[in-house]
1. Where in the stretch B:133-147 does the label zone of B:E212 land, with the point 7 angstrom along Cα→C-beta and an amide N cut-off under 20 Å?
2. Collect residues whose amide H, placed 1.01 Å from N in the peptide plane, falls under 5 Å from the amide H of A:A196; neighbours closer than 5 in sequence don't count.
3. Provide the per-residue ³J(HN,Hα) series for the stretch B:333-348, in order, calculated from phi with Karplus coefficients 6.51, -1.76, 1.60 and θ = phi - 60°, each as a whole number of Hz, with x at glycine and proline positions.
4. Pick out which of A:P163, A:P171, A:P76 has the largest mean-square fluctuation in a Gaussian network model of chain A, springs linking Cα atoms closer than 10 Å.
5. Please compute the Kirkwood hydrodynamic radius over the protein assembly as shown, one decimal place, Å, based on all pairs of different Cα atoms.
6. Taking H as built 1.01 Å from N, whose amide H comes closer than 5 Å to the amide H of A:L24, not counting residues under 5 places away?
7. Shape verdict for the stretch A:30-112, please, from the Cα gyration tensor: rounded (a/c under 1.5), prolate (a/b greater than b/c) or oblate.
8. Loop-only trypsin sites (Lys or Arg not before Pro) in the stretch B:82-128, please: DSSP not H, G, I, E or B, and at most 12 other Cβ atoms within 10 Å.
Amino acid sequence: MGEPLLSLEGVSRVYGEEVLVHALRDVSLDIRAGEYLSIVGPSGSGKSTMLGLLGVLDLPSSGTIRIQDVEVNTLPDAERSRLRGQAIGFVFQQFHLVPHLTALGNVETALLYRNLSRKERRRRSLEALELVDLGNRHDHRPVQMSGGEQQRVAIARAIVAEPLVVLADEPTGALDTRNAANVMEIFAGLRSDERAICLVSHDLDVAGATDRRISMRDGEIVGDEWQGSVS
Amino acid sequence: MRRFRELVGVALAGLTARKIRTFLIMLGPILGVAAIVSAIGINESSKGDLKAKLRELGTDLIVANAQDQIGGFGSNPRIPEEATARVARLPDVVSVSATLQLSNIVTLPFAEASDYYRAFPVPVIATTLELPATLEVPLVSGRFLNDYDESSGARVAVIGKDLANEYGYMANEPRSIELNGISYGVVGVLDYVLLEPSMDSAVFITFANAVEDWDIEEPDPSRLYIRAPTNTKYVAEEIPTVVSLGGPDGANTSVPTDLLDAQSQVDENLNNLTKMMGGLALVVGGVGIANVMSISVIQRSSEIGIRRALGHSRGTIALQFLFEALVVGVLGGILGAGTGAGVVWLVSEMRGYTMILSVSGLFRWALVSVAVAVVAGLYPSNKAARLEPLETLRLG
């Protein structure tokens, strides 16, 4: 197992001013290259807060977030955003595709403002879509696709920039069983030695498919188990 | 440059995705710019005709009309003949013509047409020989009255262009007309006199003929036309004194083109008013852009959230929305300028104006539209940039 790609060190997140809500309390976690892990817990356990912090979409009230060796919570927004775009790929429960863009356009969005030619963006996006078996649907808009297909487009968008970590929030939550299984197969296929995949879910079947399971309750990590072979 | 192109691409994709909404927010700048461009263009075009007229007439022609100092009822004031020579000697005066309109003369193209033409009096004007030169009006055909006509008393006449048309007079045709039964040979046709349209259907004869054939006693004119290219205003003020020399005869003077000039000044005020109204329309358009784009930011919060998650910074998001406003301003400006130009063309065609439209003016107002749109886009762009991605993405 390599150096940590993403790490939280004594991270707490408190919301509110008059009434304080401790969403996360003194959490430390390292995610290393090659890991396929899940963060599970009941509603209100702090897993979404954890995902926001891991994805650098939110900043901790205290503690440190590092992407590789870079401490991100002190960086200015532009720098932090650039790092987020390079290091992290997101998949959301509600897909969050831009409705007026085609599948290809949605995937290409992840490659904008990176000094890539249009041709290069297109080539890489088509490759990503091929990987999720949607190469022939690249010119379709989200409204013309099923939920499972939309989620596969979202996965293509998450991996097209070759991030260090793919963070997926309830990736099968809005899918039927067949599509959910298909999406889980894709995640399993995305595992590599350079990349970590982290699924956040309350679904124990999803958690069961991963190698490492982190359990959360009341804003704290209450379990960190290895379930499969550690690569 | 690549980043700029990408931003424009994203902005265009955002705008074309909601075509009707985009068109509606573009209506503000379109109407504002079109209103200003058409108002100014129509005004300029109508004023352009006035200016062309002014150029043609010159602004240095003075008209002096005889005025009875006592102002008695029924008086028929005249300017003494020698006063004409005094006016001609003024330093700034280059040309003077004297005229006297004769009354109660029945003019006929030929004697047999008397029944028909008796009902239509034609002005008969006794004039000095310099009239075409002073008015700067050429002859359409033939020649004007000359020294020989004046000294010999030959009965010759020059007619106005409208009269020539009415009489079916052909160029250089040997023809005579009847003035109270006295035959006059037509030697020339005077072109249109813009300043004195009544001359277009008048008959011009020499003062020698006027004294000989009509009972006017002295060849004293009732009106002088004076061309003074320099100090026109001062010459006009001086002429009454030069004419009267303290005696009972007098004259009042006017510079006819002053009236046209004043007319174009009035139009300038109208111009400013329409500019203000167009400006107001643009401001209202700007408020519309800010309003609709702010609503759009809320509607597109999920898109903003995902873009933030994909690594777009707050600044990039702000620029994306600012570019949308910019595109609205540019397209609105271009369409508005085009619409305005179309309106100016249509009105010019309908009213017979010579269309005058300044390209730099079109460009300037299109730029104002861009500026208004960008300023209007500042608030929604800032609002979009400040959205917290976590709040818009609604995580599990």
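1. Once the point is set 7 Å along Cα→Cβ of B:E212, B:143-147 turn out to lie under 20 Å by backbone N, inside the stretch B:133-147.
2. Under 5 Å from the amide H of A:A196 lie the amide H atoms of A:G34, A:V165, A:V166, each far enough along the sequence or on another chain.
3. Here the 3J(HN,Hα) series is x, 5, 5, x, 5, x, 4, x, 4, x, 5, 4, 4, 4, 5, 4 Hz.
4. A:P76
5. When all Cα pairs of the protein assembly as shown are included, the Kirkwood radius is 32.1 Å.
6. A:R13
7. Working: a/c = 1.78, a/b = 1.26, b/c = 1.42.
In terms of gyration-tensor shape, oblate.
8. Details: sites: B:R86, B:R89, B:R118; in loops: B:R89, B:R118.
Those satisfying the criteria are B:R89, B:R118.
The values are calculated or read from the model by the stated rules, or taken from the named source; none is laboratory data. Remember, it's a predicted structure, so these values are computed and weren't measured experimentally. Don't worry about glycine lacking a Cβ; one is built from the backbone with ideal geometry, like all the others, and counts go over all protein chains shown. Just so you know, the surface numbers come from the protein's heavy atoms only, side chains and all, with ligands and any DNA or RNA stripped out. Shrake-Rupley method; radii C 1.70, N 1.55, O 1.52, S 1.80 Å.
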